[in-house]
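Down below is the structure, laid out as structure tokens.
Coordinate-derived values only; no laboratory data. Since the model is a prediction, treat every value here as computed from it, not as a measurement. Glycine also receives a Cβ, built like all others from the backbone with ideal geometry; neighbour counts cover every protein chain displayed.
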Amino acid sequence: MTTNIITILGATGSIGSSTLDIIRHQSRLGHQWQIHALSGFSQLDKLFELCAEFHPNRVCVPSDKVDKFAHHLSSSGLDIDVVGGQAGLMDLASDEKSGKIIAGIVGSAGLRSTLTAVKAGKTVLLANKESLVMAGDLVMQTARTQKATILPIDSEHNAIFQCLPQAVQMDNVVIHQTDFGIKQLWLTASGGGFLYKSYVDMQNATVAQAVKHPNWNMGQKISIDSATMMNKGLELIEACHLFNLDESQIQIAIHPQSIVHSMVEYIDGSVLAQLGEPDMKTPIAHALAYPKRMSNGVKPLNLFEIGALEFICPDKDKFKALDLARAAAKAGNGACIALNASNEILVSAFLNHQIRLTDIADMVEKVLNDGELHTHFNTNFHNIDDILLFDERVRAKTHIYLKAM
């Protein structure tokens, strides 16, 4: 029997659900994992069911739901400590009993808790890419200072991680040593639901069409980002920080089959790739067991059924978010904050039927060209309060552009 302790921030989302599926699979094999804490935001009925199934010691819900949720738990015979809001998330992230932290909260809402876990020297399984997009230098420097371990569980970054030498996995600074011979990284992208459709099709897309992903089962926000390929732009910025490389050393290739999850190209002509079924349980299980391996219940990859693998150069006219992300990465920390903040507001506007899908990138571009904001784009923010203050400023400006449509 083996025992491991984890806390899942964002337990009711796709990352949390995949993680708990792995725990169930491991339990059937006789390996016990203790769920110390869970958090949820909108799907509280689902969170309650998870509490009844896994009996965590602690749970975090929105601040205004704490009393009601605590009463629901106690009346069902469940003795679980309930905390609320950002303060509660940060409490769970720094709890000495929390073990490994799954940072699965979507968007900028996950930044404070992720940084708190890093400050506490935790092993952080990172799915919240916005933490590195908004505060990459701060997060990575804090991890180095506090001896925290960051293991990426986005499928692309996890694939790259697996293809790097072990010394680079343990310390991203040594990636620049010539002995390792790393030339560039290749992030693969499915191309989303509009890869084979026209720009006009994207303009006229309904919300239902845009959230339907051909290969992955994901939440609404990330599905929209995949449709516009903003997701890949954010991942490019995340990769710069995770692997300590310039954006010019990171390439993007559309790979419709989503079998090759990313690649590392070396100066001797070798290209190492990680392949697998498009299932988030694979990268999550890799990070949970690292540096070992464990069974996760994912079906084996059948190369004969796949037959052929395609790689396509992205259409940058249709997917202009890619160049916007590169421009932000070049401009600096403030530009990356602006890219992410404006995109979050605009994705929400599209989901609420206020704008067209193609308006998202067009309006992000307007924000990145805003003269008032631009003066802060090369600012390297050194604390989270300044980051979130600028984030709010960008969101306010984005709302102004929305109202002017």
Inset, instruction - Work out the count of Lys pairs in segment 3-152 where the Cα-Cα distance is under 17 Å, with the pair 8 or more places apart or on different chains. - result: 9
Inset, instruction - Give the residue from H261, L324, I355 lying farthest towards the positive end of the charge dipole for the chain; charges sit on Cβ (+1 for Lys and Arg, -1 for Asp and Glu) and the dipole is referred to the Cα centre. - result: H261
Inset, instruction - Pick out, from F381, S270, I8, the residue whose Cα sits farthest towards the positive end of the charge dipole of the chain, with +1 on the Cβ of Lys and Arg and -1 on the Cβ of Asp and Glu. - result: I8
Inset, instruction - Would you mind classifying segment 363-405 by shape? Square roots of the alpha carbon gyration tensor eigenvalues, ordered a ≥ b ≥ c; an a/c under 1.5 is rounded, otherwise it is prolate if a/b is larger than b/c and oblate if not. - result: oblate
Inset, instruction - Would you mind working out the magnitude of the charge dipole of the chain relative to its Cα centre, with +1 at each Lys and Arg C-beta and -1 at each Asp and Glu C-beta, to the nearest 20 Debye? - result: 420 debye
Inset, instruction - Have a look at the DSSP beta bridges in the chain and tell me what percent are antiparallel, nearest 5. - result: 30 percent
Inset, instruction - Please sort by residue number the GluC sites (Glu not before Pro) in segment 297-405 whose DSSP state is loop and whose Cβ has at most 16 other Cβ atoms within 10 Å. - result: E310
Inset, instruction - Would you indicate which of (i) 18.6; (ii) 20.1; (iii) 22.0 is the value of mean projected area of the Cα convex hull in nm² derived from the coordinates of this structure? - result: (ii)
Legend entry - Value at 222 nm in deg cm²/dmol, rounded to 500, when DSSP H runs of n ≥ 4 in the chain each add -39,500 (n - 2.57): -14000 deg cm²/dmol
Inset, instruction - Please report, in debye to the nearest 20, how large the charge dipole of segment 3-152 is about its Cα centre when each Lys and Arg carries +1 at its beta carbon and each Asp and Glu carries -1 there. - result: 460 debye
Inset, instruction - Based on other C-beta atoms within 10 Å, arrange S42, S262 from fewest to most. - result: S42, S262
